[in-house]
Amino acid sequence: MITTVATQPIAGQKPGTSGLRKKTPVFMGPHYLENFVQAIFDVVGCAGKTFVLGGDGRYFNDRAAQVICRMAAANGAARMIVGRGAILSTPAASHLIRLNKTDGGIIMSASHNPGGPEEDFGVKFNMPNGGPAPEAVTEAMYQRTTTITEYRILEAQDLDLATIGRQQLGGMIVDVVDPVADYAALMETLFDFPALRALFAGGFRMRMDAMCAVTGPYAVEILERRLGAAPGTVTHATPLPDFGGMHPDPNPTWAHELMAEMMGEGAPDFGAASDGDGDRNMVVGRGIYVSPSDSLAVLAANAHLAPGYARGLAGVARSMPTSAAADRVANALGIGRFETPTGWKFFGNLLDAGRATLCGEESFGTGSDHVREKDGLWAILLWLNILAVRKQSVADILTEHWATYGRNYYSRHDFEAIATDKADAMMAALRASLPGLPGQVVEGMTITAADDFAYTDPVDGSVSHKQGVRILFDGGSRIVLRLSGTGTEGATLRVYLERYAPGPDGLHHDPQEALAPVIRASLALSRLTEFTGRTTPDVVT
Ligand code: VG1
Ligand code: CO
């Protein structure tokens with residue numbers, strides 16, 4: 001029953017910020033998925049092992065799951081734990097990997113990238129700690145794809161992945177499990193569900209936009225069924241293979257329906273959205289948007305109000321482009337603070353070592369040591385728990401936060417689908433200019449430092465270079481530029497902009513206005529228009 005199929009290396013199977021992402025037709029091409037999955041098994045080993053498998057339900061999720069199971073069985077795996085329908089949110093997969101003490105898991109997702117026959121698909125491997133494979137491991141997988149000559153696959157009928165229960169596939173046990181139950185149980189251990197039930201029973205209104213992606217079933221079960229939020233609180237709640245044509249990226253641009261409702265007449269008390277695979281979140285108060293960097297800072301300052309964090313935090317970690325708002329909280333609390341490269345894989349060691357409890361990224365990702373991924377619904381529940389205890393509006397909580405710590409005005413400008421050679425040329429010129437920048441005055445601001453961020457992991461000493469160009473100004477303003485590692489078309493340039501206002505005045509400006517000089521400086525220093533022809537960003541968050 002086991003077939004060994006001859007194959008040859010396929011160029012470009014190099015995982016980026018979060019796994020291997022390509023256009024769906026590429027992934028569906030001959031041997032493409034198989035080569036990469038065999039490379040995973042060759043690197044981490046498969047014989048006798050137990051893995052978790054699930055995905056965000058996008059187009060090709062179901063077929064890919066069948067192939068991965070047949071390959072795992074052919075490579076000698078002992079057991080595969082699969083979410084029903086081959087569905088698992090990324091944080092739920094991370095939890096199952098840990099809960100069942102497995103040897104890791106395969107997550108099928110391209111996260112915030114659109115899904116469908118002509119859109120994006122992705123595969124990533126998570127380690128036995130539940131977290132994304134670190135760079136050394138993904139690099140080994142990539143190297144393996146460059147020399148691969150064969151893969152193993154079982155010839156068998158399709159598994160029934162729609163029914164919870166145990167099946168046999170060759171020598172491998174397949175356990176199809178409820179994708180929501182264990183995750184929901186974990187949330188009950190972290191948050192004060194009785195207090196949240198009382199909040200909703202008292203008339204608190206919420207809108208949760210699941211964006212036709214994987215979070216829908218999780219949010220309906222937890223918010224509506226367990227916490228008593230009004231039926232219909234969760235919209236776009238059914239995961240669809242093409243996300244209903246939506247772009248499942250929870251930011252003000254793509255979650256515009258939610259934004260319109262929250263900024264309009266009769267808005268609910270609290271709004272939230274999550275992404276394709278359920279690891280990102282956007283939170284919105286009535287009439288006020290919460291930037292992800294501020295969200296991380298507010299959560300860090302208030303986490304002790306939730307039962308799971310009542311004993312306080314060991315430390316807070318943020319990705320380098322994320323604003324320094326969380327650092328100010330960590331300093332005030334006297335706890336550890338860490339600055340890592342972009343991508344959740346860099347938080348794993350800090351979480352495992354117990355040095356960080358909360359982590360966050362400016363890209364709408366927040367999480368804690370309860371799993372080893374960012375977790376959208378977790379962040380939303382922590383916000384709800386804080387709102388239930390403080391009995392204040394989101395706007396009042398933000399206002400108090402800024403009054404205490406000052407405000408890190410923040411925005412990210414994305415320039416998408418730039419020709420790769422143009423983007424590379426721009427970044428190369430910028431990198432070359434860095435040594436000459438300190439001391440220069442731009443837009444009335446003096447540059448104090450300029451470098452290409454390199455990170456030495458404080459736990460295992462591994463070093464990651466070229467993680468983004470940083471230009472720092474006196475007074476806490478900052479520009480960061482880096483190229484995305486999750487896109488599938490050309491290059492996406494991300495420009496991260498920050499300016500600190502200590503207060504008490506000037507804490508309530510529009511971020512784009514407050515950042516205007518920093519934005520102008522970023523265009524001047526990067527020579528963006530000269531290199532790429534672009535003048536305005538495609539997405540502003
Ligand atoms: C982006 C974000 C990064 C995030 C990554 C995966 O990466 O910037 O913060 O960890 O997506 O998120 P990049 O390389 O495109 O900037 V997810 O929710 O798409 O898995
Ligand atoms: Co995601």
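What follows is calculated from the coordinates using simple rules that are stated; it is not laboratory data. For clarity, every value in this text was computed on a predicted model and none was experimentally measured. Using ideal geometry, Cβ is built from the backbone for each residue, glycine included, and neighbour counts are taken over all protein chains shown.
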Derived scalar couplings ³J(HN,Hα) [region 274-290; Karplus, 6.51 cos²θ - 1.76 cosθ + 1.60; whole Hz; x for Gly, Pro]: 9, 9, x, 9, x, 9, 9, 9, 10, 10, 9, x, 5, x, 9, 8, 9
Amide H partners (placed H, <5 Å) of ARG318, local residues excluded: PHE338, GLU339, THR340, GLY360
Projected area averaged over orientations for region 39-127, convex hull of C-alpha atoms, nm²: 5.3
Cβ-based charge dipole, region 407-540, positive-most Cα from GLY506, SER411, LEU523: LEU523
Theoretical ellipticity at 222 nm over the chain - DSSP helices of four or more residues, -39500 (n - 2.57) apiece, nearest 500: -9000 deg cm²/dmol
Derived scalar couplings ³J(HN,Hα) [region 82-91; Karplus, 6.51 cos²θ - 1.76 cosθ + 1.60; whole Hz; x for Gly, Pro]: 10, x, 3, x, 6, 9, 8, 5, 4, x
Options GLY216, THR146, ILE87, ranked by Cα towards positive dipole end of the chain, top entry (Cβ charges): THR146
Highest-first arrangement of 345-352, 531-538, 357-364, 212-219, where packing means the average Cβ count within 10 Å: 212-219, 357-364, 345-352, 531-538
Sum of side-chain charges, ASP178 neighbourhood, beta-carbon under 10 Å (Lys, Arg +1; Asp, Glu -1): -1
Estimated dipole of region 407-540 in Debye, rounded to 20 [Cβ of Lys and Arg +1, of Asp and Glu -1, Cα centre]: 160
HN-Hα J in Hz across region 209-221 - Karplus 6.51, -1.76, 1.60, θ = phi - 60°, x for Gly and Pro: 9, 8, 6, 6, 10, 5, 5, x, x, 5, 5, 5, 4
Under 19 Å from the Cα of LYS101 - aspartates and glutamates, other chains or at least 8 residues apart: ASP175, ASP178, ASP182, ASP352, ASP369, GLU373
Ranked by how many other beta carbons lie within 10 Å on average, peptides 429-442, 311-324, 101-114 from highest: 101-114, 311-324, 429-442
Size of charge dipole - the chain - debye, nearest 20, with Cβ of Lys, Arg +1 and Asp, Glu -1, no other charges: 740
Highest-first arrangement of 273-286, 410-423, where packing means the average Cβ count within 10 Å: 273-286, 410-423
Under 5 Å, built H, 5+ apart or other chain: amide partners of ARG280: ASP275, GLY376
Inter-part distance where region 322-401 and region 131-167 are each reduced to a Cα centre, Å: 32
Cα centroid separation, region 44-72 to region 247-284 (Å): 31
Rounded, prolate or oblate (a/c below 1.5 giving rounded, otherwise prolate when a/b exceeds b/c) for region 206-304 by Cα gyration tensor: rounded
Whole-number percent relative contact order across region 183-405, with pairs defined as alpha carbons under 8 Å at least 6 apart: 20
Residues of type lysines that LYS466 reaches as a straight line, Cα spacing below 21 Å, ignoring anything fewer than 8 places off in the same chain: LYS14, LYS345, LYS422
THR235 long-range amide H proximity, modeled H, under 5 Å: MET208, ASP209, ALA210
Equivalent ellipsoid dimensions for the chain as semi-axes, Å, which come from the Cα gyration tensor, largest first: 36, 29, 20
